[in-house]
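Right, one structure below, let's go through it.
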Amino acid sequence: MGKAKLMLVLIPSMILTIAVLGFSFTQVRAATNGNITDSFCSEQGVVTPIRIDSGSTYAMCPWSQKQSAIRILIDTLGFIAIICLIVFMFKGKRYSYIFAIVLLFIIGGFGGYSSVIDGISIKNTKSYCDTQTFDMVLAGSQCQLKYFYGTVALNFGSSLFMLISSILAIKFRSRIFDGDHHHNNHHHHHDNSKDEEKVPIISSSSDSI
């Protein structure tokens, strides 16, 4: 049962890391489907990431290279750590399993930090959009940040599930490696010990009467 319960969080964790990587790779470089040059993204004062839309035409300036690289590295390592954790769990390698748990917890912590930094960047972009017009770049255009919100939300969710997975992996480690039978025997032995403690009390009471 321990393995099954743990897989219920490990599988969503894997899916989230893949989703973050997918979003990240589509937002690592400037993109447009119109006649807008990449020079817009390098203009002084432009806050990134940013995307402006006008009808079906858009122009997107990516995240900073540092932020994208950190996010991609974290979720790549997180995906690998999850795979290793699953392999070690089913192969019964206890110490390697614990090492993978520690690694996953650390990666999840860094992922949380990354999502906070990304969130601050989006907040700065929103403030920038609220005070700027982009008609000189794309007539009738408006900022669209939903794509970047998705990246931040997935990054946070991925980090959160990594942390939850590592905590539950520690919690279930005895059941995973010793089995539910050992876990139940421990409680059965504990209950028997309680019953044995009650016997002398009853006997001594009978003797005194």
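What the table below lists for this structure:
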| read-out | value |
| --- | --- |
| Region 107-124 residues that are in a helix (DSSP H, G or I), paired with ones that are of a type in the set (Phe, Trp, Tyr) and open to solvent by 60 Å² or more (accessible area, probe 1.4 Å) (beta carbon under 7 Å, 6 or more apart) | Ser115/Phe156; Ile122/Tyr149 |
| Residue list for region 96-149, filter: hydrophobic (A, V, I, L, M, F, W, C) and closer than 18 Å to Cys61 by Cα | Ile117, Ile120, Ile122, Cys129, Phe134, Met136, Val137, Leu138, Ala139, Cys143, Leu145, Phe148 |
| Any hit, region 109-131, residues being at pLDDT 95 or above and over 30 Å from Cys41 (Cβ atoms) | yes |
| Breaking point among (1) touching a Phe, Trp or Tyr at 6+ places or on another chain (Cβ under 7 Å); (2) part of a loop (DSSP other than H, G, I, E, B), for Asn35 | (1) |
| Subset of region 73-121 that is in contact with a Phe, Trp or Tyr (Cβ under 6 Å, 6 or more places away or on another chain) and among the small types (Gly, Ala, Ser) - its residue that is nearest to Phe177 (Cα to Cα) | Ser96 |
| Residues that are open to solvent by 60 Å² or more (accessible area, probe 1.4 Å) and not in a helix (DSSP H, G or I), drawn from region 61-101 | Lys93 |
| Candidate set: region 159-181, residues that are surrounded by 17 or more Cβ atoms within 10 Å (Cβ to Cβ) and of a type in the set (Gly, Ala, Ser); chosen: the one nearest to Phe88 (Cα to Cα) | Ala169 |
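Residues are listed down the side, and each one gets a yes or a no for (1) touching a residue at least 60 places away in the same chain (Cβ under 8 Å); (2) closer than 24 Å to Met7 by Cβ:
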| site | (1), (2) |
| --- | --- |
| Ala59 | yes, no |
| Ile70 | no, no |
| Val87 | no, yes |
| Lys146 | no, no |
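The values are calculated or read from the model by the stated rules, or taken from the named source; none is laboratory data. If you're wondering where the values come from, they're calculated on a predicted model, not measured in any experiment. Neighbour counts run over all protein chains shown; Cβ positions are idealised from the backbone, glycine included. Protein only, heavy atoms only, side chains kept; ligands, DNA and RNA dropped before computing areas. Shrake-Rupley method; radii C 1.70, N 1.55, O 1.52, S 1.80 Å.
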